[in-house]
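Notes follow once the structure below has been shown.
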Amino acid sequence: MSATEPLTELSFSVSGRVSRPISETYEAVADPTQLSHYFTTGGARGRLESNADVTWDFADFPGRFPVTVIEASAPDRIVIEWGGENAAGGAGTTRTTFEFTAIDDGARTLVTITEQSWQATTDGAKSAFGNCEGWTGMLAAMKAWLEHGINLRDGFYR
């Protein structure tokens with residue numbers, strides 16, 4: 001998009017490095033038991049596999065969130081869609097892509113999370129910023145869990 005084109009939708013990317021091999025890092029997202037330890041504080045149900053419908057629950061946002069897995073290509077990529085307030089388009093969902101890249105001769109993994117898209121409005125920006133905060137927190141919590149066995153979210157929201 002050039003500087004003269006109007007902004008029509010909002011999206012973001014966040015990334016972090018985890019000192020674990022790519023397959024272990026991928027599994028920390030794909031496996032509902034692991035995800036429930038450090039991210040989905042109310043529990044995850046269902047493995048993130050292509051064409052699966054799973055649910056996530058969070059203590060800070062009670063209630064089950066349906067998640068549709070669009071693509072799961074171990075150990076490199078997971079793409080999901082889930083409901084989003086002020087989402088752009090008519091489906092009422094946003095698309096989140098997790099990309100896993102082996103770095104440092106496979107000793108570490110670069111995790112990049114991209115979520116798109118929201119309406120280019122004040123409410124859309126508020127929703128996008130809230131999810132950006134959530135995914136950044138997820139990356140930090142995943143790093144602490146995988147590297148040190150510490151659940152950063154324990155007691156954080158309750």
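What follows is calculated from the coordinates using simple rules that are stated; it is not laboratory data. Bear in mind the structure is a predicted one, so any value in this text is a computation, not a measurement. Here the Cβ positions follow ideal geometry from the backbone for every residue, glycine too, while neighbour counts run over all protein chains shown.
The residue list D76, D104 contains one member that is touching a Lys or Arg at 6+ places or on another chain (Cβ under 9 Å), under 20 Å from V18 (Cα atoms) and of a type in the set (D, E), which is D104.
At least 3 residues that are touching an Asp or Glu at 6+ places or on another chain (Cβ under 8 Å) in each: list the strands (runs of 3 or more DSSP E) lying fully within segment 52-126 that qualify.
Values: elements: 53-58, 61-73, 77-83, 93-103, 108-119.
Output list reads 61-73, 77-83, 93-103, 108-119.
In summary, S50 fulfils each of the numbered conditions (1) over 21 Å from L146 (Cα atoms); (2) surrounded by 15 or more Cβ atoms within 10 Å (Cβ to Cβ); (3) over 13 Å from the mean Cα position of the chain (by Cα) with the single exception of condition (2). Among the residues of segment 80-128, those that are surrounded by fewer than 15 Cβ atoms within 10 Å (Cβ to Cβ), of a type outside the set (S, T, N, Q), at negative phi and free of Cβ contacts under 8 Å to residues at least 40 places away in the same chain comprise G83, G90, A91, D123.
Of all the numbered requirements in (1) in a loop (DSSP other than H, G, I, E, B); (2) more than 15 Å from Y157 (Cβ to Cβ); (3) in contact with a Lys or Arg (Cβ under 8 Å, 6 or more places away or on another chain); (4) not charged (D, E, K, R), T41 misses one, and that requirement is (2).
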